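The values are calculated or read from the model by the stated rules, or taken from the named source; none is laboratory data. Quick caveat: nothing in here was measured; it's all calculated off a predicted structure. As a convention, Cβ positions derive from the backbone with ideal geometry for all residues, glycine included, and neighbour counts pool all protein chains shown. When the accessible area is computed, the model is the full protein with side chains, heavy atoms only, and any ligands, DNA or RNA have been set aside. Shrake-Rupley method; radii C 1.70, N 1.55, O 1.52, S 1.80 Å.
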Amino acid sequence: MSGAFRLAAGGRIDRAAPLRFRFDGRPYEGLKGDTLASALLANGMHLVGRSLKYHRPRGIVAAGADEPNAIVQVGEGAWTQPNARATEVELYDGLVARNVTAWPGVGFDLGAAASLLSPLLVAGFYYKTFMAPGRWWRRLYEPALRRMAGLGRAPAAPDPDVYDKRHAHADVLVVGAGPAGLAAALAAARTGARVMLADEQAEFGGALLSEGDEIDGRPALEWVGRAAAELASLPEVVPLPRATVFGYYDHNYLAIAERRADHLGPGAPPGLARRRLWRVRARRVVLATGAHERPLVFADNDRPGVMLASAVRAYLNRYAVAPGRRAVVFTNNDDAYRTAFDLADAGIELAAVVDARSHPAGERVGEARRRGIEVLAGSALTGTRGRRRVAAVEVRRLDPGGSAVEGPARTLACDLVAVSGGWSPAVHLFSQSQGTLRFDEARACFVPDRAAQAVRPAGAANGTFTLAGCLAEGLAAGAAAARLAGFGDGTAPPAPLVRTARDGPIRPLWFVPSGRPAARDGGRHFVDLQADVTAADIRLAAREGLDSVEHVKRYTAAGMGTDQGKTANVNALALLSQAVGRPIAGTGTTTFRPPYTPVGFGLLAGRDRGELFDPVRVTPMHAWHVAHGAVFEDVGQWKRPLYYPRAGEDMAAAVARECRAARGGVAALDATTLGKIDIRGPDAAAFLDRVYTNAWARLGLGQCRYGMMCGQDGMVLDDGVTTRLAPDRFLMTTTTGNAARVLDWLEEWLQTEWPGLRVYCTSVTEQWATVAIVGPRAREVLGPLAPGLALDNEGFPFMTLREAEVAGIPARVFRISFTGELSFEVNVPAWHGLALWEAVMRAGEPFGITPYGTEAMHVLRAEKGFIIVGQETDGTVTPLDLGMDWIVSRTKDFIGKRSLLRPDASRPDRKQLVGLLPEDPGEVLPEGAQLVAARPARAIGLKAGRPIPMIGHVTSSYSSAALGRSFALALVKGGRGRIGATVYAPLVGRTLAARIVEPVFYDREGKRRNG
Amino acid sequence: MLLIPCPWCGPRDESEFRYGGEAHIGAPANPGSLSDADWADYLFMRNNPKGWFRERWMHAQGCRRWFNAVRHTVSNEIAAVYRMGEPPPPAPGPGREGET
């Protein structure tokens, strides 16, 4: 049997399909069609958690997304989801769940001792209580609070599931498949429009699944079944059950979380994506998101067994579960009388309906009296009793103003209290779409006012709470949406016949006095069950001067739980309005933000994780590097060999060996990743003159030149060598990680400022593979590979280009050098890159050719004082700061020149590029180390000392095989005036001294580049 | 996620575009003749209106063309797009309101 509280008949559960599950380690049985919450209730389990601050026992309150208490962790190990609402977890065989709020269990909870501390946990307690001493926060308060707060546990292992993403376009997206949403979808779909209908529940029907309504004189679910079947039969309709529209963004862009396999548990078929993220661009949106019932705020209203009246109906009618044996209904409106009738019809004893209204006179009230149900009008619950479950309630007369109770208390024994304080339209998505809300006094709720996008609310989401109204509004909204999207004439299909009860008005009642003196009342009137916020907290916040609803939210944490206060927010802002004596309309709501319900990270990540997180770019020679044991580094999206360790070598040894080969013999670098831009057009030279700081117009054919670019602010943007291929054609190279940015930069100027220049830029980075042959013996390697090419200094001078066949491959050979050594950079079409590389390695074998990686490249260039943009520069460094005045033209204009003429650019105390030689040649300064002018009095530790003025920082730092010692480049204030001075790098526990020198350490005469 | 009507490619998701800030600033023809204050004003100062704003976009993952758009900074409504060099359209009226 699936629980002692299962009703014998009715419900949308399958009594022939029992399902076993475990909650907090104990076995239970439920039925197919149950949620975890309904299965627990069928087993008599109301107590499912403890409250956040006071660890008071808490039970299931709602039956859907608005549930504040029943927060559970589903699954085990890597397959687990924290913070699921038990009311939304579909039961499957073998389900394992735990409560996340109590430890070790909900029955015996050590945290309950916190209720003794309750005076410390008032509104804003975390700002007030746990202040000093500071270190206690990290060691004691925070871990303890986190454990007590119980926010579920993230799995330690990677998520084993697969998540998908889909993009879709819809003419009409209908959100919510209750009566209004189904009607809207039908009306829109019949016009032939592309309609998507998304609903968070497993089956369509919305509230009708939980109510005994009739449409056209038949059970309403028959109409639901026909509507769903018709929609499913239409080719342009996408019905999406188990799909929560969680975000409404600009230009009618909505995000949907579709749960495809959650209800199957860990045993779902492999390959079935657990969830799917839909990103939908809709021409029109109909929001039929329904409404959430509000609790009433009375003393001890948080005791398990106190539930929303509509939730009680859902458990009775949809799940065939009796949430209690003897019930009290407490209401301020007629709607909750339906709960009284359904309870009575299910054979559950009804102690009374307690109605806050003095003279309730609606049709249903009369029916209740006719049926012999005791109606205690003008009364209120002033308290509840019971340990882990409500056992009795107290009822007293409510004075006409609602501010006090009077007369003797009457005690009613009961184990279930069904509460209704009225309904709040689920305006979350409407509000996310930037639509405005207004407070409707008659219906006592916020309703949509002005739309800001192509959206229309319908049904209960629009404050229309009758079934007939929902159907009519849905049909009209669907037909109108289709017409505005270009389908149909906007005529709504005829509405089915529904009988509407003549309801009396609601009596807004935001606080139910308990009979205590007003100043001391409200400490156990819970407003936000999840955040554990009471009416007294709200009033305290108001007294302390926080009269904005946004401030009160942050101060008290009301509405800040994972449920975002779905049952709490309107009560909280109404209480605030009362406390500050202002109409509710003037207080307004807090901002509604996505997601409507929590969304797992796996869904947002989708397939974009692991190696698919970001594209990986590799050169044509990559396989060779892998086969030869290269250690790689990421440079932008590129994988570049960092160094090639031999057996037994560490990084330092490998890099030193690679550097020695380049300086003493011959070495090879895969330089393919360097950005390459083909610049063509009659005005190409004039264009380069404008974007580079130096002059280009007179560069000869086949000649190369180093160039530097600045931003308009005069700061270094990029550098590289550019070669003139033809009178109207140049090949520009850029820093590896900057290639796309430079191309964008060039395009921006050409398109927006200089459209008259006839220049075209094309990225050719991936079209060419580049092998740099470097070292004094480079000619001996290249010579035999390129027999037709003169390699001597006269035949092939430095900074020139030759076209030739290399290893039988047509190639561009550049004689340029980033190391200071004799060097040839051979470019071939990328397809031949590996062939060239292998040919070079074969030809170089007799000379001990050594492949080298980016670390050796960095050391070699730093020995020569060559900068790397992004390492020596950081967006605040001008060419002048780098001591490169020679590259800055005084005769022509270029981008950034005006900024270099500002007085600030020539301030003598700007940071300037210098070299550093550490006092201890074996010490390598850490890159990024700050520099000071005088040795600090004592070593810097973690304890705060007196501030020391910083005069610069280390930008590059290495150990050099060629120099036989460590060296560094640094930016130092007024550095060129400090050559010869000593600076200090204070590190944790020690201080390193270094002498400032010229930033060129090796071959200052520049002879080695000629071999 | 804005839906931006590229004047060359048609409506595309915002994620395909790069934003380029206020339009019609225009680099000074002769920066050398500007005072430091005027140069700084050109370089750094931009309008940030609440309302209609003429701004630059580039269809980075499409045609890679720069263009101008007239966007309402509150409602994000895009009233017009026009190609570089084309004159800006007259200022739209107040932002359009959707139906309720």
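Some observations on this one:
- Per-region count, segment A:187-210, residues open to solvent by 30 Å² or more (accessible area, probe 1.4 Å), over 20 Å from A:ARG276 (Cβ atoms) and not in a helix (DSSP H, G or I): 3
- Yes/no for B:GLY85 being facing another protein chain (nearest Cβ under 8 Å) and open to solvent by 70 Å² or more (accessible area, probe 1.4 Å): yes
- Pair list, Cβ under 9 Å, 6 or more apart: segment A:673-686 residue over 11 Å from A:GLN767 (Cα atoms) and without any contact (Cβ under 8 Å) to a residue 24 or more places away in the chain, other residue surrounded by 21 or more Cβ atoms within 10 Å (Cβ to Cβ) and not hydrophobic (A, V, I, L, M, F, W, C): none
- Of everything in segment A:231-263 that is open to solvent by 60 Å² or more (accessible area, probe 1.4 Å) and more than 21 Å from the chain's Cα centre (by Cα), the residue that is nearest to the other protein chains (Cβ to nearest Cβ) is A:GLU236.
- Of the helices (runs of 4 or more DSSP H) entirely within segment A:812-910, those holding at least 2 residues that are away from every other protein chain (no Cβ under 14 Å) occupy A:833-844, A:854-863.
- Among the numbered conditions (1) assigned by TED's automatic domain parsing to the domain that holds A:ALA480; (2) open to solvent by less than 10 Å² (accessible area, probe 1.4 Å); (3) not aliphatic (A, V, I, L, M), the only one that A:PRO266 does not meet is (2).
- Residue within segment B:56-73 that is closer than 30 Å to A:ASN462 by Cβ, more than 8 Å from chain A (Cβ to nearest Cβ), in contact with a Gly (Cβ under 7 Å, 6 or more places away or on another chain) and surrounded by fewer than 18 Cβ atoms within 10 Å (Cβ to Cβ) present: yes
- Of all residue pairs spaced 6 or more apart or on separate chains, those with beta-carbon atoms under 7 Å, a first member in segment A:450-462 that is more than 7 Å from chain B (Cβ to nearest Cβ) and farther than 12 Å from A:ALA480 by Cα and a second member that is open to solvent by 10 Å² or more (accessible area, probe 1.4 Å) and among the polar types (S, T, N, Q) are A:ALA461/A:THR289.
- Note on segment A:815-840: residues that are of a type in the set (A, V, I, L, M, F, W, C), under 27 Å from A:ARG1004 (Cβ atoms) and open to solvent by less than 10 Å² (accessible area, probe 1.4 Å) total 2.
- Scope segment A:274-322; condition under 30 Å from A:PRO508 (Cα atoms) and within 14 Å of chain B (Cβ to nearest Cβ); matching residues: A:VAL286, A:LEU287
- Segment A:357-372, residues that are touching a strand residue (DSSP E or B) at 6+ places or on another chain (Cβ under 7 Å) and under 12 Å from A:ARG338 (Cβ atoms): A:VAL365, A:ALA368
- Residue that is among the aromatic types (Phe, Trp, Tyr) and surrounded by fewer than 19 Cβ atoms within 10 Å (Cβ to Cβ), where the choices are A:PHE894, A:PHE847: A:PHE847
- Near pairs, Cβ below 7 angstrom, 6+ apart or cross-chain, from segment A:751-779 (facing chain B (nearest Cβ under 10 Å)) to any residue that is among the aliphatic types (A, V, I, L, M) and part of a loop (DSSP other than H, G, I, E, B): A:GLN751/B:MET84; A:THR752/B:MET84; A:GLU753/B:ALA27; A:PRO755/B:MET84
- Condition check for B:ALA79: within 30 Å of A:VAL286 (Cα to Cα), more than 12 Å from chain A (Cβ to nearest Cβ) and of a type in the set (A, V, I, L, M, F, W, C): yes
- Lone qualifier among A:ALA968, A:ALA962 - being within 30 Å of A:PRO797 (Cβ to Cβ) and either of a type in the set (A, V, I, L, M) or touching a residue at least 40 places away in the same chain (Cβ under 8 Å) (or both): A:ALA962
- Conditions (1) within 30 Å of A:PRO682 (Cα to Cα); (2) in contact (Cβ under 8 Å) with a residue 24 or more places away in the chain; (3) not hydrophobic (A, V, I, L, M, F, W, C): number failed by A:GLU803: (2)
- Taking segment A:869-891 as the range and being hydroxyl-bearing (Ser, Thr, Tyr) and open to solvent by 30 Å² or more (accessible area, probe 1.4 Å) as the test, the residues that pass are A:THR876, A:THR891.
- Pick from segment A:398-447, criterion within 14 Å of another protein chain (Cβ to nearest Cβ), part of a helix (DSSP H, G or I) and open to solvent by 10 Å² or more (accessible area, probe 1.4 Å), ranking: nearest to A:PRO505 (Cα to Cα): A:SER431
- Highlighted here are the helices (runs of 4 or more DSSP H) found entirely within segment A:514-608 that include at least 1 residues which are closer than 22 Å to A:TYR54 by Cα and open to solvent by 20 Å² or more (accessible area, probe 1.4 Å): A:535-543, A:549-556, A:569-580.
- Residue that is surrounded by fewer than 22 Cβ atoms within 10 Å (Cβ to Cβ), in a helix (DSSP H, G or I) and either within 13 Å of chain B (Cβ to nearest Cβ) or modelled with pLDDT of 95 or more (or both), where the choices are A:GLY474, A:GLY469: A:GLY469
- Odd one out for A:ARG50, checked against (1) crowded, with 22+ Cβ neighbours inside 10 Å; (2) out of contact with any Pro (no Cβ under 7 Å at 6 or more places or on another chain); (3) modelled with pLDDT under 95: (2)
- Segment A:949-989 - residue that is farther than 13 Å from A:ASP920 by Cα and out of contact with any strand residue (DSSP E or B) (no Cβ under 9 Å at 6 or more places or on another chain) and, of those, surrounded by the fewest Cβ atoms within 10 Å (Cβ to Cβ): A:ALA962
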